[in-house]
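Structure, as structure tokens:
The values are calculated or read from the model by the stated rules, or taken from the named source; none is laboratory data. No experiment lies behind these values; they were computed from the predicted model shown. Cβ: placed from backbone, ideal geometry, glycine included. Neighbour counts: every protein chain shown.
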Amino acid sequence: MNTMMTYIDQQYEILKDITSKYNERLSSFASVIREKKAKKWLVLATGSSFNSTLSAKMYIERIAGVKIEIQEPFNFYEYEKISSDTDLILAVSQRGTSYSTIEAIKKCAKEAEVPQIVITSIMDSPIVKYAHEVIDMGCGIETVGYSTKGVSATILTLMLMGVVAGKELGKLSDEDVENELDKIKQLIELIPKTIEKSIEFYNQNKKELDQAQRFTPIGYGPNVGTVKEAETKFTETIRVPTQGFEMEAYMHGPIFELQEDYFVIFTEVVPSTVFERSNKLNHYLSKHCRNVYSISNLPQSENKKHLALDTDLDEYLSPLMLVVPYQVLSYYISLAKGIDLSIPVYSDFGEVMKSKVE
């Protein structure tokens, strides 16, 4: 039987496959960008799809010169209007069954004459009938209800869409495209080692982590998406209160709930302009909380609370790697707590609230 860890382990091969086939899978998207010169994108996504989009957003904007607005679909179709300068709409839904995302894309079809593209992993899912174009994110079906390979596949697909858009909009030369692809491929090669180091980190800190009753992941820049996905994954699987914060936002109120026995996890990248401030906050919190951990690309240290991935890393691409340790931790801690992730919790919820469609 497949487990959440099965899909975590599959990510290396899946991400390599997505990268090797990106030209073919994104050919229709390239045509849309070439024809429409779309520079203001509206992305409709919720849950892990939202987090994945947030993780890729800054990379896409930087290399393609576009502006991305991310909207929660339910709030969008109930209350919002499409901005007059929106020239591309993307709906992201891994399984293609999100009721709110479907309703949001249906609203867009009625109200805007701009290209509407669905990104999904199931090409005959309910949402595809409402799209002008459909992009296969290339991860296949994930039978465990808590996305891991789907998150990484979504982040990578969106980043590759950024590369394609950058080329079609004249922001990237052929040489630039190859450089970006090389960086992505090199990062993917590090995924197996990242999984291995994450398991080692868990085993070194197992006694403490398994007892945690409150997690606060903190990140900055592109990795705000990473810590929001950590929030989603931990609450889904470990089922203890977890809230992911942008570093500066954490200092403006949330810090005051800090307790000595809480668990804080920093997500840090070097080089980055914000690292010194993050590191300063890390040291400050460590004086008031005994469970302050960090995940970074820094070299190995003697501190067992630091998961040091010891590699050069483009900050804007880093969520593709740094989301993996949170996936590993969510699996192992939930396993230690005796939570069987194959058994649905609140199994009648979807039927009662109609959050998914068949």
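The criterion of at least 2 residues that are surrounded by fewer than 24 Cβ atoms within 10 Å (Cβ to Cβ) and β-branched (Val, Ile, Thr) is met by the following strands (runs of 3 or more DSSP E) wholly inside segment 1-100: 67-71. What are the pairs, 6+ residues apart or on separate chains, where a residue within segment 166-183 that is within 23 Å of Lys37 (Cβ to Cβ) and in the same structural domain as Val66 (by TED's automatic domain parsing) has its Cβ under 6 Å from a residue that is of a type in the set (D, E, K, R) and crowded, with 16+ Cβ neighbours inside 10 Å? Close Cβ pairs (under 6 Å, with a partner that is of a type in the set (D, E, K, R) and crowded, with 16+ Cβ neighbours inside 10 Å) amount to Val177/Lys167.
Do we have Ser173 as over 20 Å from the mean Cα position of the chain (by Cα) and of a type in the set (Ser, Thr, Tyr) here? Yes: the conditions hold for Ser173.
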